[in-house]
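None of the figures in this text is laboratory data; all of them are computed from the coordinates on show. These numbers were taken from a predicted model, which means no experiment stands behind them. All Cβ positions, glycine included, derive from the backbone under ideal geometry; neighbour counts span all protein chains shown.
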Amino acid sequence: MTLLTFRFAPSPNGELHLGHAYSALLNQKLARHTGGRLLLRVEDIDTTRCTPEFEAGMFADLKWLGLGWEEPVRRQSEHFADYEAVLERLIREELVYPAFMSRGEIRAFIASERRGRDWPRDPDGVPLYPQVDKALPMKERKRRIAENAPFAWRLDVGAAMARAGKDITWAEFTDETLSATRPVEACPQDWGDVIVARRDIPTSYHLAVVIDDALQGVSHVVRGQDLFSATGVQRLLQKILGLPRPAYFHHRLILGPDGRKLSKSLRDTGLAALREAGASPDDVRKMVGL
């Protein structure tokens, strides 16, 4: 019998907060309830913002909470070769293209089209990438790359969806008991041509996470509701790469007093601060509704 495999996959780019605690503890609870495995993955492809200090703090917080996981821990920064091999396949199959426009150039292009307000935007509110790079001749692309022009590899979503076919869905659990699922139709086109790798880092969050989940045998992805829409892009990548399809549960978010989701970047109260203030792991469980 194949064991169910769950994972908690934080990024060490800030201090863990109550939202992370809820997700980690829920994954642990579900793994124990089903007799499954719990993995810890360090998603540190952002080598600028992710630091050893934040990683050490993350481990300290999780151990304090009583979280247990299988060893070894997978660090994405140690597996760039895995991602680069898949990226090279996408390049060969012409499912990605080099995109040269900076954020400022994107804004200028949209302004020149006089479509600022009605330009399509992704679920996060970011303008979709203009498709002008797709028309560049191969000779021009190679010239720019040879001259060290900055670029990112973007997924040609139209070509990828044509390759994947119509059945791009996932099974979404309806509550924390994981007793029932509903089918969800993926809508990767809502994100436009997303970045799958950069010139200096041969991957992105979307690409790395589907490769890691496949290599680690993750059967159940339990994470926050804020990533629900992003699952459409990841399902598309899984489909065109022939990767296994995990089941998903996008759990409720832990909100701050002002009603917004907690955030590292806004320096919301971290677990270390709660611990230093005298809170116990049981207190944290009560705070997050577990």
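Of the GluC sites (Glu not before Pro) found in region 131-177, those in coil by DSSP whose Cβ has at most 16 other Cβ atoms within 10 Å are GLU147, GLU176. Cβ-to-Cβ counts within 10 Å put VAL184, VAL126 in ascending order as VAL126, VAL184, the fewest first. Could you go through region 198-215 in sequence order and give the Karplus-derived ³J(HN,Hα) for each residue, using 6.51 cos²θ - 1.76 cosθ + 1.60 with θ = phi - 60°, rounded to whole Hz, and x for Gly and Pro? For region 198-215, the Karplus-derived couplings read 10, 4, 8, 10, x, 6, 9, 4, 4, 5, 4, 5, 6, 5, 4, 4, 5, 5 Hz, x marking Gly and Pro. Scanning residues 5 or more positions from ILE168 or on other chains, those with amide H under 5 Å from its amide H are ALA186, with H placed 1.01 Å from N in the peptide plane.
Where in region 143-215 are there trypsin sites (Lys or Arg not before Pro) that are in a DSSP coil and have at most 14 other Cβ atoms within 10 angstrom of their Cβ?
Details: sites: ARG143, ARG144, ARG154, ARG163, LYS166, ARG198, ARG199; in loops: LYS166, ARG199.
Here the sparse-neighbourhood loop sites are LYS166, ARG199.
Report note on the peptides 206-215, 245-254, 72-81: ranked by the mean count of other C-beta atoms within 10 Å, highest first, their order is 206-215, 245-254, 72-81.
Computed from phi, the 3J(HN,Hα) profile of region 127-143 under the Karplus parametrisation 6.51, -1.76, 1.60 (θ = phi - 60°) reads x, 5, 5, x, 9, 5, 5, 5, 8, 5, x, 4, 4, 5, 4, 5, 4 Hz, with x in place of Gly and Pro.
Largest GNM mean-square fluctuation across ALA171, ALA56, ALA197, computed for the chain with C-alpha springs under 10 Å, falls on ALA56. Of all lysines in the structure, the ones whose alpha carbon falls short of 28 Å from that of LYS63, not counting any fewer than 8 places away in one chain, are LYS29, LYS261, LYS264, LYS286.
If the elastic network links every pair of Cα atoms under 10 Å, which of ASP258, ASP175, ASP156 fluctuates the most in the Gaussian network model of the chain? Of ASP258, ASP175, ASP156, the most mobile in the Gaussian network model is ASP258. Taking LEU271, LEU255, LEU155 in turn, the Gaussian network model of the chain (Cα-Cα springs below 10 Å) assigns the largest fluctuation to LEU255. Residue-wise HN-Hα couplings along region 87-101, as the Karplus relation 6.51 cos²θ - 1.76 cosθ + 1.60 with θ = phi - 60° gives them from phi, are 4, 4, 5, 4, 5, 4, 8, 6, 9, 10, 8, x, 10, 9, 6 Hz; Gly and Pro carry x. Among 85-93, 232-240, 105-113, 33-41, the peptide with the highest mean count of other Cβ atoms within 10 Å heads the list, and the full ranking is 232-240, 33-41, 85-93, 105-113. In the chain the Cα-Cα distances spread across 10 Å bins starting at 0 as 6, 25, 33, 24, 10, 2, 0 percent of all pairs. Spread over its residues, the convex hull of the C-alpha atoms of region 1-113 is 190 Å³ per residue.
Among beta bridges identified by DSSP and lying wholly in the chain, the antiparallel ones come to about 55 percent. Cα centroids of region 112-185 and region 29-44: 30 Å apart.
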